[in-house]
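The values are calculated or read from the model by the stated rules, or taken from the named source; none is laboratory data. Remember, predicted model here, so these are calculated numbers, not experimental data. Here Cβ is always computed from backbone atoms with ideal geometry, including for glycine, and neighbour counts include all displayed protein chains. Accessible surface areas use protein heavy atoms only, side chains included; no ligands, DNA or RNA. Shrake-Rupley method; radii C 1.70, N 1.55, O 1.52, S 1.80 Å.
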Amino acid sequence: MRRTIFGVIFLMVFKLSAQEKYPQGVFQPPLDIPLVLAGTFGELRSNHFHAGMDIKTQQREGLPVYAIADGTVTRIKISHWGYGKALYVAHPNGYTSVYAHLRKFGPEIEEYIKKIQYTKQSYEVEAFPDYGELKVAKGSVIAYTGNSGSSAGPHLHFEIRSSVTEKPTNPLLYGYDVRDATNPTLLGLYGYPLSEDAVVNQSAKMIQLNFTRQPDGSFLADKVNAVGTIGFGINSFDRLDMAANKNGVYSVKQTVNGRVYTEFDFETFSFGETRYINTLIDYGYFGKYRERIQKCFKEPYNYLGIYKELYNNGKIDVEEGMSYSVEILISDIAGNETKLVIPVEGKREIPKIKKEEATTENFIIASKPNNFDLGAAKVYFPANTFYDDFYINLKKGKDTVTIHDNSVAAHRNFTISFDPSQYPLEERKQLFIARLDDRLRPSYATTYKRDGAFTTRTRNLGVYTLARDSVAPTITPKNFKEKQWLSNYSYLSLEISDDLSGIDTYRATLNGKWILMEYEPKTNTITYNFDDNIVDEAQCELEVIVTDNVGNSSTFTSTFFRK
Ligand SMILES: [Zn+2]
């Protein structure tokens with residue numbers, strides 16, 4: 001692959017403009033505290049790359065969030081999981097800023113969304129205000145930080161997207177001051193024999209390689225003896241100043257004898273491709289050890305657009321008697337670099353570690369649809385559910401079936417259908433499809449019940465069974481008692497929980513009028529804010545109805561007084 005002179009010039013221009021492509025200093029920070037990150041853009045997460053940066057909020061909630069520029073609110077979304085309370089603001093320069101895991105919105109936006117919540121009688125809502133309907137000025141308070149949705153602690157998740165393509169871009173490309181003087185950390189190096197005949201250090205399967213730190217701070221791997229087509233993988237993270245968090249690195253570049261074989265970075269990616277992260281990482285290794293190795297070579301079924309340069313898909317053809325100097329450069333966006341040199345000697349050795357051929361009765365051809373009857377359940381994999389062909393491990397059972405394990409990633413949903421006809425009709429109502437974890441604890445898989453078949457669609461391989469939930473949810477007041485005067489209270493809160501299938505719906509009324517209960521599933525808490533002013537009577541009858549995922553329902557009533 002020879003580049004023309006125009007190609008080289010184009011590439012140089014492209015590379016130079018990578019920093020200049022994005023407006024510098026136009027956007028102000030969304031918080032008025034020093035920006036310390038708990039997560040970076042492109043960081044490797046479960047089934048996705050992190051689409052923004054996570055700004056630490058000093059273990060607190062309620063910090064004011066500022067509009068980074070003039071703009072208009074284009075989307076408000078409130079969900080139990082995911083981004084929790086999230087706000088999207090479009091700016092005239094073609095970018096949209098996103099703020100997530102919020103505790104609440106600024107007054108005008110809060111009033112706007114509450115009206116919709118009361119109209120729809122739902123805490124979870126999504127609204128798309130008209131352009132210009134909810135304008136915000138640069139530096140105005142548009143929200144307060146929180147911990148809502150799938151957030152493991154108080155922080156602000158912040159994104160900058162293209163308003164047109166909706167592609168998220170690395171927020172650190174816009175000139176934000178985030179201190180980082182620390183080089184990326186290299187935890188592990190792995191060699192992959194890729195061709196049939198390939199061997200790395202007498203191993204025909206992936207093998208960990210040793211390296212040592214050199215006086216100049218770079219790393220040198222022990223000499224690798226190899227032959228055939230091989231590849232390398234690294235396990236690394238980036239630590240920033242003032243925080244211990246293990247963040248993602250910005251770019252990885254692999255050269256062989258000075259020639260660039262692989263270069264990828266996290267300038268941008270699309271939500272459509274983010275799940276292909278499972279082809280960048282060694283998914284089998286991740287399933288076993290929960291550690292993410294990034295491959296420096298590109299699999300044929302990897303459709304990620306993060307690659308800036310590729311030669312031979314990053315794979316190295318090692319010939320007997322030749323020597324190679326492989327260099328891997330890991331960088332953060334601040335320009336700190338960690339260099340690793342791997343000397344490779346072309347040497348044919350008899351593999352002591354053989355390839356494991358875990359064959360089973362059933363071979364999946366990924367490009368074709370596959371159907372299996374497992375006794376208690378039937379499983380249907382549409383074409384291209386999987387990335388690659390493999391021997392699938394299936395176990396039939398009377399009521400439990402095993403559909404391989406978490407060492408293989410599914411890209412698309414597949415269907416599992418149980419036949420509930422052996423159970424009496426009354427019992428069937430309380431049955432649901434459950435996925436059993438390693439310790440055989442059941443978790444609810446969204447179960448569609450029709451025509452005598454219970455069906456779920458999932459991308460998780462593993463053990464599935466029909467479980468029965470016969471216990472209704474519990475509802476317990478947290479901050480009040482029956483017949484209490486609550487005049488000085490600003491909110492009502494109750495704990496709701498369900499033992500097995502989980503909570504499906506919750507609904508509360510005061511003197512018969514629907515009230516907004518904000519549900520925080522992480523703490524099993526629903527909260528009503530008295531500022532909503534739904535009743536003005538002194539005697540208040542509260543009714544809360546909670547239903548689980550199979551329809552078991554509980555009702556809680558209580559009387560309290562207010563002046
Ligand atoms: Zn985040």
With label points set 7 Å from each Cα along the Cα-to-Cβ direction at TRP81 and ASP531, the distance between them in nm comes to 3.0 nm
Mean shadow area (nm²) of the C-alpha convex hull around the stretch 236-380 is 13.3 nm²
Cα extents of the stretch 72-123 per principal axis, largest first, Å, are 36, 22, 17
Fraction of alpha-carbon pairs in the stretch 46-202 farther than 27 Å apart, rounded to whole percent, equals 32 percent
Counting only protein heavy atoms with a 1.4 Å probe and every protein chain in place, the carbon and sulfur fraction of the accessible surface of the chain in whole percent equals 49 percent
One quarter of the C-alpha convex hull surface, i.e. the mean projected area of the stretch 347-422 in nm², amounts to 6.9 nm²
Distance in nm between TYR380 and ARG412 label points, each 7 Å along Cα→Cβ, equals 1.2 nm
SASA check, ASP532, accessible area w/ 1.4 Å probe, all protein chains in place, rounded to nearest 10 Å², comes out at 30 Å²
The farthest towards the positive end of the charge dipole of the stretch 37-182, of the residues LEU44, GLN121, LEU134, given +1 on Cβ of Lys and Arg and -1 on Cβ of Asp and Glu, is GLN121
With only helices counted (DSSP H, runs n ≥ 4, each -39500 (n - 2.57)), the per-residue ellipticity at 222 nm for the chain, to the nearest 500, works out to -2500 deg cm²/dmol
Quick calc, ASP70 & THR446: beta-carbon distance into FRET formula, R0 56 Å, rounding 0.05, result 0.85
proj_area_mean for the stretch 445-563 (convex hull on C-alpha atoms), units nm², value 9.0 nm²
Heavy-atom accessible area with a 1.4 angstrom probe orders THR523, THR57, most exposed first, as THR523, THR57
For the stretch 39-92 the chymotrypsin sites (Phe, Trp or Tyr not before Pro) that pass both the DSSP coil test and the at-most-13 other-Cβ-within-10 Å test are TRP81
Semi-axes in Å, largest first, for the stretch 80-166 (Cα gyration tensor, √(5λ)) are 20, 17, 13
log10 I(q)/I(0) for the chain, Debye formula on C-alpha points only (no solvent), q = 0.05, 0.09, 0.13 Å⁻¹, two decimals, reads -0.27, -0.86, -1.39
From the Cα centre of the stretch 160-176 to that of the stretch 206-223, the distance in Å is 36 Å
The size of the Cβ-based charge dipole (Lys, Arg +1; Asp, Glu -1) of the stretch 355-448 about the Cα centre, to the nearest 20 debye, is 260 debye
Counting only DSSP loop positions in the stretch 482-526, the trypsin sites (Lys or Arg not before Pro) whose Cβ has at most 12 other Cβ atoms within 10 Å are LYS483
Quick calc of log₁₀ I(q)/I(0), the stretch 356-492, Debye, one scatterer on every Cα, no solvent, q values 0.15, 0.18 1/Å, result -0.75, -0.99
Working note, the stretch 169-216: Cα radius of gyration (Å, one decimal) and Dmax (Å, whole number) are 18.1, 50
Per DSSP, the loop-located chymotrypsin sites (Phe, Trp or Tyr not before Pro) within the stretch 295-389 having at most 15 other beta carbons within 10 Å are TYR301, TYR303
Expected unfolding gain across GLU111-GLU543 under the 0.36 nm per residue rule, minus the alpha-carbon gap, is 153.1 nm
Restricted to pairs 8 or more residues apart or on different chains, the lysines in the stretch 72-214 with C-alpha atoms under 12 Å apart form a number of pairs equal to 5
Note: probe point = Cα of LYS135 + 7 Å toward Cβ; backbone nitrogen < 17 Å; residues of the stretch 34-73 passing the test are 67-73
Treating every alpha carbon of the stretch 200-291 as one equal point scatterer without solvent, the Debye formula yields log10 I(q)/I(0) values at q = 0.13, 0.24 Å⁻¹ of -0.64, -1.60
Length gained if THR212 through THR557 is fully extended, taking 0.36 nm per residue and subtracting the Cα-Cα distance, is 117.5 nm
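Using a 1.4 angstrom probe, figure out how much accessible area the stretch 381-477 has per residue, in square angstrom, rounded to the nearest whole.
52 Å²
Can you compute the FRET efficiency between SER421 and ASP504 using 1/(1 + (r/R0)^6), with r the Cβ-Cβ distance and R0 = 30 Å? Round to the nearest 0.05.
Step by step, r from the Cβ atoms, then E = 0.75.
For the stretch 70-141, what does the accessible surface come to per residue with a 1.4 Å probe? Please give it in Å². All intermediate terms of the calculation are to be shown ahead of the outcome.
Details: 3290 Å² over 72 residues.
Roughly 46 Å² per residue, with all protein chains present.
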So, with points 7 Å from each Cα along the Cβ direction, the PHE128-ASP241 label distance in nm works out to 4.3 nm
